[in-house]
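The values are calculated or read from the model by the stated rules, or taken from the named source; none is laboratory data. Since we're looking at a predicted model, the values are computed, not measured. Note that each Cβ is placed from the backbone with ideal geometry, even for glycine, and that neighbours are counted across all protein chains shown. Side chains included, ligands, DNA and RNA excluded: accessible areas come from the protein's heavy atoms. Shrake-Rupley method; radii C 1.70, N 1.55, O 1.52, S 1.80 Å.
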Amino acid sequence: MKVKKLTLHNYRNYRDLKLQFDKNIHIFLGENAQGKTNIIEAIYYAAMGHSHRTNTDLDLIRWDEKEGFVQLDFERLDVENQLKFHFSQEKKKSIIYNGQTIKQKDLIGAINVVLFSPEDLFLIKGSPAGRRRFLDIEISQASPAYYHELTKYTHIVAQRNMLLKKIRERRAKSDMLDNWDPQLEKSAAIIVHKRLDAVKKLNMLANLMHRRISTNRESLEITYEINGIENGMTEEFISWYNSKLKESREVDILRGSTSIGPHRDDMVLNVNQINLRSFGSQGQQRTGVLALKLAELEFIKSETGEYPVLLLDDVMSELDAARREQLLLFIQKERIQTFITATDQAYFPKEKVGQYHIVSAGTIVG
């Protein structure tokens, strides 16, 4: 999977930009606020249909302009493809894939990327929502069907929560939940089964990566924690969810929210049988995140047949020299097309590791 060309028009601080890429490493160097991350963001947007920095597409349009676009030409399984996104102050965003207009839900999986940014360093010690998001993005890229199921489940939970609030306010009867709960149970079971399978594979891959980075001093174990299960796992998830939703119905009505389901689950990481979130050092946590990101690359390759494109946004300054070396060695060995932003060339070895692009005030040299 390779990005061949990126074209931007009125995107962020770029009026017009055309960049062509080979299959190797591309490093964008420059001071802060010059436009380095905008390149990473545009590639990520093309894969996911949304930015990792803003929830509003209008923020992507260059200041004082009414419209703009992002175009990405890429190769997947030796087949050339093109994605184009039109943004407008007045019209709805359009997505064109190989000349055909598509919907957002049909975009996921067209091109796969893995993004590693400074915010990801808080993945382990942050909230469960961040770890669920990591897992969902990973699985969705490998399985668009999972993305569709997740979207469906999110809608069901939102509708159920609205109904719970109405019941609490005595504007609806509690037996109306009988229409939503069977849908939630079935969808939740599908999601959890898929997550469990993914975590099983991720656990094996991440442990291999972690042992390599820690020079075999530490072992990493990743498990999936289902909210509400105290005595091990169960295969009968639909009936289990049915029972738990009935048990929690009164509490859910009082709170106006659904307390049981995969939207409340977590992914737990242990190093040498010690919880990394609660007791791991900062160095151990960063090693864990790096191993997790490298494992994500391997997971997507195992599911799709190709490595995804790797996007490293200003993380070289956050990693020590040993971790930077391990990261670059892995990228070079596996020949993963990688886009890196950094403020200082000193973060890279003296021998050339890729093509350097100098970024200054919305212009790129090299």
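Put +1 on the Cβ of each Lys and Arg and -1 on the Cβ of each Asp and Glu in the chain; which of Gln89, Ala172, Ile139 then has its Cα farthest toward the positive end of the dipole?
Ala172
Can you give me the span-like helices of the chain, meaning DSSP H runs with 27 Å or more of Cα extent along the axis and Kyte-Doolittle mean at or above -1.0?
Qualifying helices, which must be both long enough and hydrophobic enough, are 144-168, 177-213, 282-304.
Quick check: net charge around Ile95, other residues with Cβ under 9 Å of its Cβ, Lys/Arg +1 and Asp/Glu -1?
Result for the neighbourhood of Ile95: +2.
With the contact rule set at Cα under 8 Å and sequence spacing of 6 or more, what percent relative contact order holds for the chain?
26 percent
May I ask which of Lys165/Lys244; Lys91/Lys194; Lys103/Lys186 have a Cα-Cα span longer than 29 Å here?
Lys91/Lys194, as the Cα separations exceed 29 Å there.
Quick check: at a probe of 1.4 Å, how many percent of the accessible area of the stretch 177-313 sits on carbon and sulfur atoms?
Of the solvent-accessible surface of the stretch 177-313, carbon and sulfur hold 46 percent.
Excluding same-chain residues fewer than 8 positions from Lys200, which aspartates and glutamates have a Cα within less than 17 Å of its Cα?
By straight Cα distance, Lys200 reaches Asp136, Glu138, Glu221, Glu225, Glu235, Asp265, Asp266, Glu296, Glu298, Glu303.
Treating only the Cβ atoms of Lys and Arg (+1) and Asp and Glu (-1) as charged, compute the dipole magnitude of the stretch 279-366 about its Cα centre; round to the nearest 20 debye.
With Lys and Arg at +1 and Asp and Glu at -1, about 200 debye.
Please compute the net charge surrounding Glu41, taking Lys and Arg as +1 and Asp and Glu as -1 over other residues with Cβ under 9 Å from its Cβ.
+1
Can you give the helix-only mean residue ellipticity at 222 nm for the chain, where every DSSP H stretch with n ≥ 4 adds -39500 (n - 2.57) and the sum goes over all residues, rounded to the nearest 500 deg cm²/dmol?
-13500 deg cm²/dmol
Choose one of Leu319, His210, Gln104: the residue whose Cα lies farthest towards the positive end of the charge dipole of the chain (beta-carbon charges +1 Lys, Arg; -1 Asp, Glu; about the Cα centre).
Positive-most Cα among the choices belongs to Gln104.
Have a look at the DSSP beta bridges in the stretch 229-366 and tell me what percent are antiparallel, nearest 5.
Here the share of antiparallel DSSP bridges comes out near 55 percent.
If you keep only loop residues by DSSP, which chymotrypsin sites (Phe, Trp or Tyr not before Pro) in the stretch 12-67 have at most 11 other Cβ atoms within 10 Å of their Cβ?
Trp63
So, with a 1.4 angstrom probe, what is the percent of accessible area on the stretch 27-105 that is carbon and sulfur?
C and S fraction of accessible area: 45 percent.
With a cap of 12 neighbouring Cβ atoms within 10 Å, and only residues DSSP puts in a loop, list the trypsin sites (Lys or Arg not before Pro) found in the stretch 103-178.
For trypsin sites (Lys or Arg not before Pro) across the stretch 103-178 that sit outside H, G, I, E and B with at most 12 neighbouring Cβ atoms in 10 Å, the list reads Lys103, Arg170, Arg171, Lys173.
Give the lysines reachable from Lys23 as a straight Cα distance under 23 Å; neighbours fewer than 8 places away on the same chain don't count.
Within the straight-line limit of under 23 Å, Lys23 reaches these lysines: Lys2, Lys4, Lys5, Lys36, Lys84, Lys293, Lys301, Lys333, Lys350, Lys352.
Residues with beta-carbon under 14 Å from that of Leu121, excluding Leu121: net charge, scoring Lys, Arg +1 and Asp, Glu -1?
+1
Placing +1 on the Cβ of each Lys and Arg and -1 on the Cβ of each Asp and Glu in the chain, which of Leu220, Leu196, Asn242 has its Cα farthest towards the positive end of the resulting dipole?
Asn242
The stretch 1-65: which GluC sites (Glu not before Pro) are DSSP loop and have at most 15 other beta-carbon atoms within 10 angstrom?
Answer by residue number: Glu31, Glu65.
Excluding ligands, DNA and RNA, what is the solvent-accessible area per residue of the chain at a probe of 1.4 Å, expressed in Å²?
That works out to 49 Å² for each residue.
Work out the length of the dipole vector of the stretch 89-199 about its Cα centre, built from +1 on the beta-carbon of each Lys and Arg and -1 on the beta-carbon of each Asp and Glu, and round it to the nearest 20 debye.
That gives the stretch 89-199 a dipole magnitude of about 520 debye.
State to the nearest 20 debye the size of the charge dipole of the stretch 142-297 about its Cα centre, where the only charges are +1 on K and R beta carbons and -1 on D and E beta carbons.
Approximately 520 debye in magnitude.
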